[in-house]
Every structure is written in structure tokens, then in C-alpha cells.
Amino acid sequence: MTTESKKHHYVPQSILKRFSIDMREKQIYVFNKQLGKSHISSIIDSGSENKYNTIKTDFGEMNLEGLYQQIDDLYPVTTKKIIDAGTL
């Protein structure tokens, strides 16, 4: 039995890590526009919602997170190549 993820990031964690405020790449500053205040949050909890990439069909729920994960996995590799090269 496989466990499907419940927490889905609409901002990939690899992007959030670029804004990390600690050496372990675990925390970032988050700004709440409604309250007009910022706070520290974990990268795991930022830019995500429960079941964000899940759709409901007549046959039940479909978790599409795996499809997005394949694309998200390419981002840090591509970004590192651009940063290392210093040019697009």
C-alpha cells in the first residue's frame, strides 16, 4: 500500500530553499498580506495547501502531485547549471 502525499506545494520547495534564512535550508520569512506582518515559517509548511493538486472525479479523488513532482525535480538541476554558468 502506497501513501499519497496530502500536503502539496504550489511553490516548489527547491525554489523556497533559495530564500532560506538558515544554513540548513529549513526556514524562510513569510509575509502575510492580509495582516501586513511577516513571520518565520518552515519551508515544508510554506507555499503549500492540503490536497492542492487533487481533483475530484466521479470515480473518486485523483492525486496529481506525482506529475508535478517530476517537473519540480528538474528545477534545482537546471537552476544550478544557470547559476554556475553565470549566464542563460
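The values are calculated or read from the model by the stated rules, or taken from the named source; none is laboratory data. Everything numeric here is computed off the predicted structure, so don't read it as measured data. Cβ coordinates were reconstructed from backbone atoms using ideal geometry, including for glycine residues, and neighbour counts include every protein chain displayed. SASA here: full protein model, heavy atoms, side chains in, ligands and nucleic acids out. Shrake-Rupley method; radii C 1.70, N 1.55, O 1.52, S 1.80 Å.
Quick notes
- Sites TYR29 and MET62, calculated FRET efficiency, Cβ-Cβ separation with R0 25 Å, nearest 0.05: 0.15
- Accessible area expressed per residue, the chain, with surrounding protein chains retained (probe 1.4 Å, Å²): 84 Å²
- Each Lys and Arg contributes +1 and each Asp and Glu -1, all at the Cβ; summed about the Cα centre of the chain, the dipole is approximately 380 debye.
- Of the accessible area of the chain, computed with a 1.4 Å probe over protein heavy atoms only, carbon and sulfur atoms account for 56 percent.
- Rounded, prolate or oblate (a/c below 1.5 giving rounded, otherwise prolate when a/b exceeds b/c) for segment 1-44 by Cα gyration tensor: oblate
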